[in-house]
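Beneath this line is the structure, given in structure tokens, with notes to follow.
The values are calculated or read from the model by the stated rules, or taken from the named source; none is laboratory data. For clarity, every value in this text was computed on a predicted model and none was experimentally measured. Cβ placement follows ideal geometry from the backbone for every residue including glycine, while neighbour counts extend to all protein chains displayed.
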Amino acid sequence: MGAKLRVRRDDMVEVITGNYKGVRGRILSARPREGKVVVEGVGMVWKHVKPTRQHPRGGRIEREAPIQASNVMLLCQNKECERYDRPVRIRMLLSPDRSKSRVCTKCGRAIVTEE
């Protein structure tokens, strides 16, 4: 079983290593057990499909493949932060009411997912 992920679905991230280094995208799905995430436009592979009602002729479709969650960093969305719109490390903060929140290490503000 993999470690807990610090990123969630719909977070904006930047790939920090590998063939897609520097590419930004939204997380489409997170797979905590595998320690992987699927990022929009990253890790494209060809999938061969049989003819179905959705694809009457069959053929090949290009889709995203999972990549290691350690290869992406979250982008800080706080406009006052010195690292705004750049990759940041995050930490978990336990509030007095025992709820956890993700916090940017540079500005100390909570990371919120824009929807």
(message) Out of E40, E82, I need the residue that is among the acidic types (D, E) and either at pLDDT 95 or above or touching a helix residue (DSSP H, G or I) at 6+ places or on another chain (Cβ under 6 Å) (or both). Which one?
(response) E40
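For region 58-81, check the following and say yes or no: at least one residue is hydrophobic (A, V, I, L, M, F, W, C), out of contact with any strand residue (DSSP E or B) (no Cβ under 9 Å at 6 or more places or on another chain) and free of Cβ contacts under 8 Å to residues at least 60 places away in the same chain.
Going residue by residue through region 58-81, those that are hydrophobic (A, V, I, L, M, F, W, C) are 61, 65, 67, 69, 72-76, 81.
If we keep only those that are out of contact with any strand residue (DSSP E or B) (no Cβ under 9 Å at 6 or more places or on another chain) too, we end up with none.
Among the residues of region 58-81, not one is hydrophobic (A, V, I, L, M, F, W, C), out of contact with any strand residue (DSSP E or B) (no Cβ under 9 Å at 6 or more places or on another chain) and free of Cβ contacts under 8 Å to residues at least 60 places away in the same chain, which makes the answer no.
What are the residues in region 97-113 that are among the small types (G, A, S) and either at pLDDT 85 or above or under 19 Å from the mean Cα position of the chain (by Cα) (or both), if any?
First pass over region 97-113, keeping only residues among the small types (G, A, S): 99, 101, 108, 110.
Listed by number, the residues that qualify are S99, S101, A110.
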(request) Name every residue in region 64-84 that is farther than 26 Å from R31 by Cβ and either among the basic types (K, R) or surrounded by 10 or more Cβ atoms within 10 Å (Cβ to Cβ) (or both), in order of residue number. (result) N78, K79, C81, E82, R83, Y84
(request) Kindly establish whether I61 is exposed (fewer than 15 other Cβ atoms within 10 Å of the Cβ) and touching a helix residue (DSSP H, G or I) at 6+ places or on another chain (Cβ under 8 Å). (result) no
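Matching residues to (1) within 16 Å of R6 (Cβ to Cβ); (2) assigned to a loop (DSSP other than H, G, I, E, B); (3) of a type in the set (D, E); (4) out of contact with any helix residue (DSSP H, G or I) (no Cβ under 6 Å at 6 or more places or on another chain):
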residue	(1), (2), (3), (4)
H55	no, yes, no, yes
S70	yes, no, no, yes
L93	yes, no, no, yes
D97	no, yes, yes, yes
